[in-house]
Each structure stands twice: as C-alpha cells, then as structure tokens.
Amino acid sequence: MTSPASSVFETTRPASADYLTRFAASDAGRDYKGRMLDALDLRAGLAVLDAGCGPGADLPALAEAVVPGGTVIGVDRDQEMLDAAAERVAAAHPCVELRLGDVHALPLDDVAVDRARTDRVLQWVDDPARALAEFHRVLRPGGRLVMGEPDWDTLVVDHPDPALSRAYTRHITERVIRNATIGRRLARLATDAGFRVPEVVPATQVFRDARVADRVFGFERTTRRAVEAGDLTEDQAAEWLHHLAHGPFFASATLYVVVAEA
C-alpha cells in the first residue's frame, strides 16, 4: 500500500528498544510513568522489581528512590534489552541488578521484594493470571505492585467517517494486541491472585499532533496490516490516512494505573 501520507507517518518500524526509550521520554510516557512512580511509594532501603524492564528507561528513577541501602532488580526475557539497560545504568547505579527471565516464572525467591512494577507488559504475555500469581509470590506481605496497562478499546481517532475509525480500532484489538482489554481486567485479575486493590487511576492520553501520535501508534504501518488482513480496503486506507495527515487531528487512549497490595 502506498500513500501520500507516507511523508507524514513512519513507514518502517523502529527497533523495540528505541521505541520504548522515546515513548518513555514523550509527554504521554512521562505523565503516566510519574503516576506509577508516585504510587510505588518508594523509600531508601526497599527492594524493587521492574518486570519487563526493557532497555531500562525507568531503572534510574527507581534506583535513585531507594538509595541508600535499596536494590532494584530489572527482569526481561530479551537479552538485547538487558544489554541496553546495562549500558543505561552502568556504574552510575550500582544498586541495579539485571536478570534474564520471564514474568510467568520470575527469577526471584519467594517474598524477595517490597515493591514491583510492570509497564505495558501484560498486554503481550501468554497468561496474565499466571504473571499476577508470580508477582504475588515474590512480594513480601504488605508489599505493593503497580501496573500500567492500556485498554485498546478506548482508542478513538477522529475522522469524518466514524466507521473507518471503528474498523481501525477493531483491527488493533482483534489482531494486533494479544490482551487488548487488559487495562479493564487488571483489578479483577489482581484480586483473583490474592491482592487487595485499593486504587485504579485512569491516565487518558490526548494527541492533537498527528506526527506525535504516530510515534506511539504507527498509523501507516498498522493501516497497511489492516488492509492485508481485509479489515480495510485500499481506498478506505487511503481516505483514512489522508485525513489523519492533512485534517485537524485528534486521538486519545486510556491507560490504567492499578495499585495492588499483597
């Protein structure tokens, strides 16, 4: 699929580490990540798990909040991500440990940490309930887990033809994201895993600039996949992208910050 909007939107997917790093630095990323950090209620001496730490964008802030005497354990299943995280923390944050592992079987002993966080990881995993059980296993009694996950059904993009927007969102929820509605399910899943859930905070991200939004959503790449899947025709895709690129732009999506206590 070719489109005159290609000059506006990215046509190639950025490397995963690059995508995660730049999103963490964006206004939308800083907003909800700040809420997650506040909800963790960190202090010196605590042991903190960052599950699915990726390239380590959040590790420095966690490390600074628990020194002196604290420990931050970053876990990821991708060694390249851990290598990038190691470069980020290096000698500046000696309290950070990095471990190769999966959220379904965390490489930690029982009741090993005081706090845990996971950020936009559970939307991709095979079994979110199993991951929640693992968090409950490694947290000490009274420990706190803070999760940030989107609900992709909340993605709305303004377009003169609302049916195209609905088709685009439906393509994402049904074909792109494994656990697309995990945001709304987190409180229930955490309760089922034995947690108490004292707080759920919605963080709605609003975008008025198509280029900025595209760095999060990848409109052209996703639209191309929707055409290949038969969810949009070539003509519909061209109409959709043309308006996003040249008309007044508005999009929003809601991510939920869920606080769970062991």
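The values are calculated or read from the model by the stated rules, or taken from the named source; none is laboratory data. For clarity, every value in this text was computed on a predicted model and none was experimentally measured. With ideal geometry, Cβ positions are generated from the backbone for all residues, glycine too; neighbour counts draw on all protein chains shown.
Scan the range 161-194 for residues that are among the small types (Gly, Ala, Ser) and either surrounded by fewer than 16 Cβ atoms within 10 Å (Cβ to Cβ) or part of a helix (DSSP H, G or I) (or both) and jot them down. Hits for the range 161-194 are Ala163, Ser165, Ala167, Gly183, Ala187, Ala190, Gly194. Looking at Thr222, Thr181, Thr169, which is the one that is under 15 Å from the mean Cα position of the chain (by Cα) and in contact (Cβ under 8 Å) with a residue 12 or more places away in the chain? The match here is Thr181.
Residue-wise test of (1) closer than 19 Å to Leu139 by Cβ; (2) part of a loop (DSSP other than H, G, I, E, B).
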site: Thr21; (1), (2): no, no
site: Gly29; (1), (2): no, no
site: Arg35; (1), (2): no, no
site: Leu42; (1), (2): yes, yes
site: Pro55; (1), (2): no, yes
site: Ala61; (1), (2): no, no
site: Ala65; (1), (2): yes, no
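The sole residue among Val121, Val111, Val156 that is farther than 30 Å from Ala210 by Cα and touching a residue at least 12 places away in the same chain (Cβ under 8 Å) is Val111.
Could you pull out the residue among Val125, Val89, Val111 that is assigned to a loop (DSSP other than H, G, I, E, B) and under 22 Å from Ala15 (Cβ atoms)? Can you show your working first?
Details: Val89 fails: assigned to a loop (DSSP other than H, G, I, E, B); Val111 fails: under 22 Å from Ala15 (Cβ atoms).
Only one candidate qualifies: Val125.
When residues of the range 103-127 are filtered for being crowded, with 17+ Cβ neighbours inside 10 Å, under 17 Å from the mean Cα position of the chain (by Cα) and among the acidic types (Asp, Glu), how many remain?
Our first condition is that a residue be crowded, with 17+ Cβ neighbours inside 10 Å; within the range 103-127, this holds for 103, 106, 108, 112-123, 125.
Those still in the list that are under 17 Å from the mean Cα position of the chain (by Cα) too: 103, 116-123, 125.
Next, only the ones that are among the acidic types (Asp, Glu) stay: 119.
Total satisfying the criteria: 1.
Selection of the range 204-243 for residues being under 15 Å from Phe9 (Cα atoms), aliphatic (A, V, I, L, M) and either in contact with a Phe, Trp or Tyr (Cβ under 6 Å, 6 or more places away or on another chain) or in a loop (DSSP other than H, G, I, E, B) (or both) yields Ala210, Ala213.
Here Ala63 meets each of (1) touching a His at 6+ places or on another chain (Cβ under 7 Å); (2) within 30 Å of Arg208 (Cβ to Cβ); (3) among the small types (Gly, Ala, Ser) with one exception, condition (2).
Evaluating Glu199 against the criteria (1) acidic (Asp, Glu); (2) crowded, with 22+ Cβ neighbours inside 10 Å; (3) not in a helix (DSSP H, G or I) leaves one unmet condition, (2). Close Cβ contacts (under 8 Å, 6 or more residues apart or on different chains) running from residues in the range 186-199 that are of a type in the set (A, V, I, L, M) to residues that are assigned to a loop (DSSP other than H, G, I, E, B) comprise Leu186/Leu122. Do we have Glu228 as exposed (fewer than 13 other Cβ atoms within 10 Å of the Cβ), under 21 Å from the mean Cα position of the chain (by Cα) and not aromatic (Phe, Trp, Tyr) here? Against the criterion (exposed (fewer than 13 other Cβ atoms within 10 Å of the Cβ), under 21 Å from the mean Cα position of the chain (by Cα) and not aromatic (Phe, Trp, Tyr)), Glu228 does not qualify. Among the residues making up the range 134-153, those that are of a type outside the set (Phe, Trp, Tyr), touching a residue at least 40 places away in the same chain (Cβ under 8 Å) and either assigned to a helix (DSSP H, G or I) or touching a helix residue (DSSP H, G or I) at 6+ places or on another chain (Cβ under 6 Å) (or both) are His136, Val138, Leu145, Val146, Met147, Gly148, Glu149, Pro150, Asp151.
Filtering the range 246-262 down to residues that are of a type outside the set (S, T, N, Q) and over 26 Å from Arg144 (Cβ atoms), which residue is surrounded by the most Cβ atoms within 10 Å (Cβ to Cβ)? Outline the logic, then answer.
Of the range 246-262, the ones of a type outside the set (S, T, N, Q) are 246-251, 253, 255-262.
Going one step further and asking which of them are over 26 Å from Arg144 (Cβ atoms), we end up with 246-251.
Numbers: His246: 12, Gly247: 12, Pro248: 8, Phe249: 19, Phe250: 16, Ala251: 23.
Only one residue fits best here, namely Ala251.
Restricting attention to the range 5-17, the residues that are over 16 Å from Val227 (Cα atoms) and at pLDDT below 85 add up to 1.
Output yes when any residue across the range 72-79 is loosely packed, with under 15 Cβ neighbours inside 10 Å, part of a helix (DSSP H, G or I) and modelled with pLDDT of 95 or more, and no when none is. Yes, there is a match, as at least one residue in the range 72-79 is loosely packed, with under 15 Cβ neighbours inside 10 Å, part of a helix (DSSP H, G or I) and modelled with pLDDT of 95 or more.
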